[in-house]
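**Q** Below you'll find the structure I mean.
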Amino acid sequence: MKSLKKVICIFIALMLLLAAPAALAIAAPEDMSTKNVLLIEAETGTVLYEKNADMQAKPASTTKIMTCILALENGNLDDIVTVPSVTSSGSTMGIRRGEKMSLRSLIYGMMLVSGNDAAEAVAVHIGGTKDDFVKMMNEKAQSLGMTGTNFVAPSGLEKEKHYTTARDFARLAQYAMYESPQKNNFRIIVNTKTYTVKDSSSKVYELITTNRLLYTSETGKSANVEYKYAIGVKTGMTPASLECLVSAAEKNGVTLILVQFGEPDSDTRFKLAAELFEYGFENYVTRDASALNLASTVEVSVQNASMENGETGLLALNVQFENQPVNCLKADWDRMMNDSSAITSTIIPV
């Protein structure tokens with residue numbers, strides 16, 4: 001067998017992994033009453049903070065994020081829908097059986113005031129039946145890699161086998177805002193503060209978002225918790241799920257997505273969201289890997305190499321660090337700069 005020549009021109013990607021996550025500066029995890037939390041940078045999926053992100057949780061009306069994106073991708077906003085028999089449980093838009101209105105109006109009623117009745121009307125219109133629509137929800141979840149999720153109701157009304165994880169819902173929100181062919185419509189809808197439905201045959205509906213990061217009604221008695229960088233997404237609450245919030249914020253070209261499940265207090269979920277967003281914006285950085293000054297050549301073993309090979313079956317690869325972004329927390333970057341032992345590598349041929 002011919003000698004194995006060393007190759008210097010092969011480029012590989014080096015994934016930089018930290019030995020441990022950076023500590024949360026604004027509040028230690030044990031100080032948070034929220035059970036499940038995940039904060040990510042939306043475009044790359046970089047995790048900035050997590051707490052029980054893979055623990056099973058009930059998403060309540062944040063479920064409507066999935067219902068919304070399926071309606072946008074499989075329907076026409078100008079479709080006229082005849083309202084079927086729908087639930088009157090929990091939060092509702094107030095629609096009645098037999099009313100006719102656009103799919104657009106029902107989606108706004110579902111996403112702004114968290115109308116369970118609107119969610120069911122949307123589900124029947126898109127799926128034919130609620131059960132068939134739920135199948136669509138679970139198929140979509142599987143396609144997105146949401147392995148810890150099972151949907152039972154398009155509205156998120158309490159069901160024993162209706163569950164997810166914070167990580168799965170961060171993935172869902174990331175898809176809806178960045179990858180879906182309907183991402184622009186989705187972003188517009190979830191960032192709307194108020195909306196007037198005028199196409200109903202029976203009445204005019206004045207809709208005000210339940211997401212108080214976007215808008216807090218002046219007539220409300222609760223504290224104003226508006227956050228100026230907020231751009232959506234959806235609230236939720238049931239007795240079993242407690243207070244839930246999937247939210248997004250954008251500042252200086254960076255978008256963060258935050259999932260919070262299982263918070264006992266409504267005001268706290270919004271206040272904590274604002275604090276976590278500020279933490280994320282303050283600490284998230286993108287740096288070029290070349291600044292780490294790591295060795296530019298690595299040796300890898302070659303499978304089935306001959307024992308007679310003069311190079312002992314090793315192949316030298318040149319690593320291209322230039323223009324390879326590293327997305328992480330400032331504290332993590334500083335640790336890597338100061339201690340190269342905090343870095344491990346995975347070789348991925350490109």
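**Q** Return yes or no: is Thr44 among the polar types (S, T, N, Q), at pLDDT below 95 and farther than 23 Å from Asp267 by Cα?
**A** Numbers: among the polar types (S, T, N, Q): yes; at pLDDT below 95: yes; farther than 23 Å from Asp267 by Cα: yes.
Yes: the conditions hold for Thr44.
**Q** Separate question: Looking for something open to solvent by 40 Å² or more (accessible area, probe 1.4 Å) and in a loop (DSSP other than H, G, I, E, B) - is there at least one such residue anywhere in segment 102-115? Lay out the reasoning, then the answer.
**A** Just the residues of segment 102-115 that are open to solvent by 40 Å² or more (accessible area, probe 1.4 Å), to begin with: 104.
Still in the running and in a loop (DSSP other than H, G, I, E, B): none.
No: segment 102-115 contains no residue that is open to solvent by 40 Å² or more (accessible area, probe 1.4 Å) and in a loop (DSSP other than H, G, I, E, B).
**Q** Also, I was wondering about something else. Which one is nearest to Ser91 (Cα to Cα), of the residues in segment 143-177 that are open to solvent by 40 Å² or more (accessible area, probe 1.4 Å) and in a strand (DSSP E or B)?
**A** Residues of segment 143-177 open to solvent by 40 Å² or more (accessible area, probe 1.4 Å): 143, 145, 147, 150, 152, 157-161, 163, 167, 171.
With the extra rule that they be in a strand (DSSP E or B), the set shrinks to 150, 163.
Numbers: Asn150: 22, Tyr163: 19 Å.
So, considering only residues that are open to solvent by 40 Å² or more (accessible area, probe 1.4 Å) and in a strand (DSSP E or B), the one nearest to Ser91 (Cα to Cα) is Tyr163.
**Q** Let me ask you something else. Could you tell me which of the residues Glu282, Glu206 is over 20 Å from the mean Cα position of the chain (by Cα) and charged (D, E, K, R)? Outline the logic, then answer.
**A** Working: Glu282 fails: over 20 Å from the mean Cα position of the chain (by Cα).
It is Glu206.
**Q** Looking only at segment 117-135, decide whether some residue is touching a residue at least 60 places away in the same chain (Cβ under 8 Å), open to solvent by 10 Å² or more (accessible area, probe 1.4 Å) and assigned to a helix (DSSP H, G or I).
**A** Initially, segment 117-135 is screened for residues touching a residue at least 60 places away in the same chain (Cβ under 8 Å), giving 133.
After this cut, where a residue has to be open to solvent by 10 Å² or more (accessible area, probe 1.4 Å) as well, the list is none.
No, there is no match, as no residue in segment 117-135 is touching a residue at least 60 places away in the same chain (Cβ under 8 Å), open to solvent by 10 Å² or more (accessible area, probe 1.4 Å) and assigned to a helix (DSSP H, G or I).
**Q** Go through segment 72-101 residue by residue and tally those that are among the hydrophobic types (A, V, I, L, M, F, W, C) and outside any strand (DSSP E or B). It would help to see each step written out before you state the result.
**A** So the first thing to find is which residues in segment 72-101 are among the hydrophobic types (A, V, I, L, M, F, W, C), and the list is 72, 77, 80-81, 83, 86, 93, 95, 101.
Going one step further and asking which of them are outside any strand (DSSP E or B), we end up with 72, 77, 83, 86, 93, 95.
Count: 6.
The values are calculated or read from the model by the stated rules, or taken from the named source; none is laboratory data. Nothing here was measured: the structure is a model prediction, and the numbers come from that model. Glycine also receives a Cβ, built like all others from the backbone with ideal geometry; neighbour counts cover every protein chain displayed. When the accessible area is computed, the model is the full protein with side chains, heavy atoms only, and any ligands, DNA or RNA have been set aside. Shrake-Rupley method; radii C 1.70, N 1.55, O 1.52, S 1.80 Å.
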